[in-house]
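What follows draws every value from the coordinates through simple rules; no lab data is involved. This is a predicted model, so every value here is computed, not measured. In this analysis, Cβ positions are derived from the backbone assuming ideal geometry, glycine residues included, and neighbour counts consider all displayed protein chains.
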Amino acid sequence: METLTIDRAFAATDEVRALVLELEGTLAAEYPPEQRHGLPVDALFQPHVRFFVARWDGVAVGGGGVALFEGFAEVKRMFVRDAARGRGVAQALLARIEAEASGAGLAVLRLETGDRQREAMRFYERAGFRRCAAFGAYAAMPASSVVTSVFYEKPLARPA
């Protein structure tokens, strides 16, 4: 029986770097640099950011992070390798991210994705996210930097 685990990564290991590099390659094929807003891999390990790695039987198949801000949390660098899609990995990662944000006392989870990431947009909408206006640093960016951005938010349940 295959086992899926979601573990917090505390450093930019080779497997974390490989996941982020794969995601960046996918995004670079679709968007110019000024329209890509993902954190650099080392920034995923700042004190206010938590990054998680999904593994099938010990093999890294996806990752995703959450940045904790005043009043909201933001999904960062969510990615599942093609071979692992459709197997519940993204749902498990998102559940862990939501639990982390909720556990930090935050009531809203937000994210930015690109308008060509249709599969991601469908996933987030099925998970209860709704489109919203640009938030945080995105709201201050020039329109040309966010012209392909789509923003979402979801209310979070408070921990019991």
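Can you compute the FRET efficiency between S145 and D42 using 1/(1 + (r/R0)^6), with r the Cβ-Cβ distance and R0 = 30 Å? Round to the nearest 0.05. So, using R0 = 30 Å, E works out to roughly 0.85.
Whole-Hz Karplus values for the range 36-48 come out as 10, 10, x, 5, x, 4, 5, 6, 5, 10, 6, x, 8 Hz, taken residue by residue from phi with 6.51 cos²θ - 1.76 cosθ + 1.60 and θ = phi - 60°; glycine and proline positions read x.
Cβ neighbours within 10 Å, averaged per peptide: list 69-80, 3-14, 98-109 in order, most packed at the top. Write out the running numbers ahead of the final one.
Working: 69-80: 19.7, 3-14: 12.6, 98-109: 17.3.
Going by the mean number of other Cβ atoms within 10 Å, highest first, we get 69-80, 98-109, 3-14.
With R₀ fixed at 45 Å, the C-beta to C-beta distance from D14 to V108 puts the FRET efficiency at about 0.85.
What net charge is computed for the residues neighbouring V61, neighbours being all others with C-beta under 13 Å from the C-beta of V61, Lys and Arg scored +1, Asp and Glu -1? Can you show the working numbers first?
Numbers: positive: R55, R81, R85, R87; negative: E2, D7, E15, E22, D57, D82.
Every neighbour counted, the sum reads -2.
Rounded to the nearest 500, what is the chain's calculated 222 nm mean residue ellipticity when only DSSP H runs of at least 4 contribute -39500 (n - 2.57) each, over all residues?
Details: 4 runs with 43 residues, N = 160.
Mean residue ellipticity, 222 nm, calculated: -8000 deg cm²/dmol.
In what sequence, highest mean first, do 113-119, 47-53 appear when ranked by Cβ atoms within 10 angstrom? Before the final figure, lay out the partial values.
Numbers: 113-119: 15.1, 47-53: 18.1.
Put in order of decreasing packing, that is 47-53, 113-119.
Across q = 0.14, 0.18, 0.20, 0.21 Å⁻¹, the chain modelled as identical point scatterers on its alpha-carbon atoms has Debye log10 I(q)/I(0) values of -0.68, -1.18, -1.48, -1.63, in the order of the q list. Below 14 angstrom from the Cβ of Q91, what's the summed charge of the other residues (Lys, Arg +1; Asp, Glu -1)? Net charge in that neighbourhood comes out at +3.
For the chain, with only Lys/Arg (+1) and Asp/Glu (-1) charged at the beta-carbon, what is the dipole magnitude about the Cα centre, in debye rounded to 20? Present the calculation step by step, with values, prior to reporting the outcome.
On the way: 20 positive and 20 negative charges, 92 e Å.
Dipole magnitude for the chain comes out near 440 debye.
Once each part is reduced to its C-alpha centroid, what is the distance from the range 96-160 to the range 1-52 in angstrom? With the range 96-160 and the range 1-52 each reduced to a Cα centre, they are spaced 16 Å.
Here the 3J(HN,Hα) profile of the range 142-148, calculated from phi with Karplus coefficients 6.51, -1.76 and 1.60 at θ = phi - 60°, is x, 4, 5, 7, 10, 4, 9 Hz, Gly and Pro shown as x.
What net charge is computed for the residues neighbouring R130, neighbours being all others with C-beta under 10 Å from the C-beta of R130, Lys and Arg scored +1, Asp and Glu -1?
Values: positive: R131, K154; negative: E125, E153.
Here the count lands on 0.
Computed extension gain for E2 through R85, at 0.36 nm per residue and net of the alpha carbon distance, reaches 28.4 nm.
Any chance you could run the full-extension gain for A95 through R122? It's 0.36 nm times the residue separation minus the Cα-Cα distance, nm to one decimal. Can you show the working numbers first?
Details: separation 27, 0.36 × 27 = 9.72 nm, distance 1.63 nm.
Between A95 and R122, full extension yields 8.1 nm more.
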